[in-house]
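S.K.: Here it is, the structure in full.
The values are calculated or read from the model by the stated rules, or taken from the named source; none is laboratory data. Source: prediction; values computed, not measured. Backbone-built Cβ (ideal geometry, glycine too); neighbour counts: all protein chains shown. Each accessible area value is taken on the protein alone, full model and side chains, heavy atoms only, with ligands, DNA and RNA left out. Shrake-Rupley method; radii C 1.70, N 1.55, O 1.52, S 1.80 Å.
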Amino acid sequence: MSEERERFLADGRAALEWAADYLDRVGELPVLAQVAPGEIRSRLPASPPEEAEPFSAVLRDLDEVLLPGITHWQHPRYFAYFAVTASRPGILAELLAAALNPVAILWRTSPASTELEALVCDWVAQLLGLPDGWHGHIEDAASTSTMAAMIAARHTTGRNVVVCSEHAHSAADKGARMLGMELRKVPADDEYRMRADAMDLTDAAIVIATVGTTGPGSVDPVNAIADACERTGTWLHVDAAYAGSAMVCPEHRWAFAGVERADSLVVNAHKWMLTPMDCSLLWTSRPADFRAAFSLVPEFLRTPDAEDALSLSEYGPALGRRFRSLKLWAILRCYGRDGLQRMIREHVRLAEQFEGWVRDEPGWELCAPRHFSLVCFRRDGSDAANEAILERVNASGEIFISHTRLDDRYVLRLAIGSEATTEDDVRRAWDAIRAAAA
Ligand SMILES: Cc1ncc(COP(=O)(O)O)c(C=O)c1O
């Protein structure tokens, strides 16, 4: 055995053991990093080493220096924003993807990763009950996916206006600003759903409908929005970055009625589909329009036509693409439809239980209808009092929650999405929140 291989195996075993131990003990660590800004950097050398160091020194510093500065997204009591899970098969597949390191600029530079990416997008489309024949590819984040949809819509319609709900993710605002597009916000109804009757689609290139909004988790009326898009020739993009995974369960599909009429759809596998960051699935029912918007093949990248058509770099902003599909393929195989359904159902059950505790407790209020695994609630009293609860409970390290504003009031959010979360963890969260309020 070469010395390099021996060292790789020894370091690899140590790294894998580190990861396994971390996943075992993460629940004992404070969820939110207990450090001040700049503290971690101040503990690291300002300049790189002149001489090579062993990999063991990296692992040591990961433990001693970096770990205190980690907010643990893998923690069973992580309930902020949208909670996520990097599952074990996903973690291992990331290692293999890095070992292969294919750079899929063109089909021929990485036939397997290109074709596997198309296949896993088809597999997930089948699991979610999406129409046959949609073209899927993977972007890094929903922000990129939604911006790509805006670009395709502008290219196709020749218009420059983006329409979305006041509760749409800020990625819509940011995308419109970066693209120099005009953004038109539509008011929502009393359940935080975009009011289709209040949309002004004059000259609108694209409407972004959201199923599972970031603040309240509300569900825009996709069918009514699709009707208006059909009348005005407007591109319909559905942002289901968080909630889209719930379509794997037939009982949640009511929320997505009309999605089959979308021109494009984004679902983040790195949110509620057990996939390590990053993996944002973007489908379009109009691949030719998408390709027309993005295809730019200079001489040095020219290959025969049949190959060109398969190059996924022709459907989005990036040329070099990493092997993201490998981790999702591993997850789909290691969990199956059944495993995904069981996780989603358990998270929704736990959220329902938490919702019930809030409903039954005097002095507390539910602030939005709960459709999936997100509960919005607040304590009777001022915004400042609720903000103080959040700060206190997060500083305790016991749980991590986040907030939003609804009807101009400060609202607490508890989002369940970690594979490791148990009923006991949710009970501890409620106890910690009530103690912080007392
Ligand atoms: C509904 C929705 N859309 C878009 C995004 C942005 O996702 P990303 O961080 O992948 O860009 C989020 C993030 O939470 C989201 O909740």
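S.K.: In region 44-163, if every C-alpha pair distance is counted and binned at 10 Å from zero, what percent goes to each bin?
M.R.: 9, 21, 31, 25, 11, 3
S.K.: I've got another one for you. Amide H of Val186 versus every other amide H placed in the peptide plane: which residues, excluding those fewer than 5 positions away on the same chain, fall under 5 Å?
M.R.: Excluding prolines and chain starts, which carry no amide H, the hits are Cys164, Ser165, Glu166.
S.K.: For the chain, can you list the cysteines whose C-beta has no other cysteine C-beta under 4.7 Å from it?
M.R.: Cysteines of the chain left without a disulfide-compatible partner: Cys121, Cys164, Cys229, Cys249, Cys279, Cys334.
S.K.: Evaluate the relative contact order of the chain (contact order divided by residue number), counting alpha-carbon pairs under 8 angstrom at least 6 apart; express in whole percent.
M.R.: Reported as a whole number, the value is 22 percent.
S.K.: Hey, what's region 264-409 come to in accessible area per residue, 1.4 Å probe, Å²? Provide the component values of the computation, followed by the final result.
M.R.: Values: 6110 Å² over 146 residues.
Each residue of region 264-409 exposes 42 Å² on average to a 1.4 Å probe.
S.K.: Here's a follow-up. Can you work out the Karplus-derived ³J(HN,Hα) for every residue in region 195-200? Use 6.51 cos²θ - 1.76 cosθ + 1.60 with θ = phi - 60°, whole Hz, and x for glycine or proline.
M.R.: Whole-Hz 3J(HN,Hα) from phi for region 195-200: 7, 4, 6, 9, 7, 9.
S.K.: In nm, to one decimal, how far is the modelled label at Val103 from the one at Glu6, with both set 7 Å along Cα→Cβ?
M.R.: It works out to 3.3 nm between the two label points.
S.K.: Running a GNM on the chain with Cα contacts under 10 Å, which residue among Ser47, Ser218, Ser313 ends up with the highest mean-square fluctuation?
M.R.: Ser47
S.K.: Place a point 7 Å from Cα of Lys185 in the direction of its Cβ. Which residues in region 370-406 have their backbone N less than 12 Å from it?
M.R.: From region 370-406, the list is 405-406.
S.K.: Hey, what D do you get for region 48-104 in µm²/s if you plug the Kirkwood alpha-carbon radius into Stokes-Einstein at 10 °C and 1.306 mPa s?
M.R.: Roughly 109 µm²/s, to the nearest whole number.
S.K.: Under a point spin-label approximation (7 Å from Cα along Cα-to-Cβ), what is the Ser42-Ala435 distance to one decimal in nm?
M.R.: Taking the simple label geometry, Ser42 and Ala435 are separated by 3.0 nm.
S.K.: Taking the alpha-carbon distance from Lys327 and a cut-off under 28 Å, which lysines remain once sequence neighbours fewer than 8 residues away in the same chain are dropped?
M.R.: Lys271
S.K.: How large is ³J(HN,Hα), in whole Hz, for each residue of region 154-167 in order, when computed from phi with the Karplus curve 6.51 cos²θ - 1.76 cosθ + 1.60 and θ = phi - 60°, using x for Gly and Pro?
M.R.: Each residue of region 154-167 in turn: 5, 5, 6, 8, x, 10, 9, 10, 10, 10, 7, 6, 4, 9 Hz.
S.K.: Taking every pair of Cα atoms in region 338-402, average 1/r, invert it to obtain the Kirkwood radius, and report Rg/Rh to two decimals.
M.R.: For region 338-402, the value is 1.04.
S.K.: So how strong a dipole does region 246-347 carry about its Cα centre when Lys and Arg Cβ are +1 and Asp and Glu Cβ are -1, to the nearest 20 debye?
M.R.: My answer is approximately 460 debye.
S.K.: Treat each spin label as a single point 7 Å out from the Cα along the C-beta direction, and report the Thr422 to Trp254 distance in nm.
M.R.: With each label placed 7 Å out from Cα toward Cβ, I get 3.3 nm.
S.K.: Could you work out how much longer the chain between Leu319 and Ala14 gets when fully extended? Use 0.36 nm per residue separation minus the Cα distance between them, nm to one decimal. Each step should come with its number before you reach the end.
M.R.: Working: separation 305, 0.36 × 305 = 109.80 nm, distance 3.46 nm.
Gain in length upon complete extension: 106.3 nm.
S.K.: If you don't mind, another one. Taking GluC sites (Glu not before Pro) as candidate sites, keep only those in a DSSP loop with at most 10 other Cβ atoms within 10 Å, then name the longest stretch of the chain containing none of them.
M.R.: Segment 52-438 is the longest.
S.K.: Does the chain come out rounded, prolate or oblate by the C-alpha gyration tensor, with a ≥ b ≥ c the root eigenvalues, rounded set by a/c under 1.5 and, if not, prolate when a/b is larger than b/c and oblate if not? Walk me through the intermediate numbers first.
M.R.: Working: a/c = 1.73, a/b = 1.02, b/c = 1.70.
Taking the square roots of the gyration eigenvalues as a ≥ b ≥ c, the chain is oblate.
S.K.: Further question: What number comes out for the charge environment of Leu236, summing +1 per Lys or Arg and -1 per Asp or Glu over other residues with Cβ under 12 Å away?
M.R.: -3
S.K.: Pulled fully out, how much extra length does the chain show between Arg25 and Thr202, if you take 0.36 nm times their separation in residues and subtract their Cα-Cα distance?
M.R.: Length gained between Arg25 and Thr202: 58.2 nm.
S.K.: Quick one: net charge of Gly27's neighbours, Cβ under 13 Å, K/R +1, D/E -1?
M.R.: Summing Lys and Arg as +1 and Asp and Glu as -1 gives -4.
S.K.: Another question about this same structure. Would you mind counting up the charge near Leu92? Only other residues with Cβ under 13 Å from its Cβ, with Lys and Arg at +1 and Asp and Glu at -1.
M.R.: +2
S.K.: In straight Cα distance, which lysines are under 22 Å from Lys185, not counting same-chain residues fewer than 8 positions off?
M.R.: Lys174
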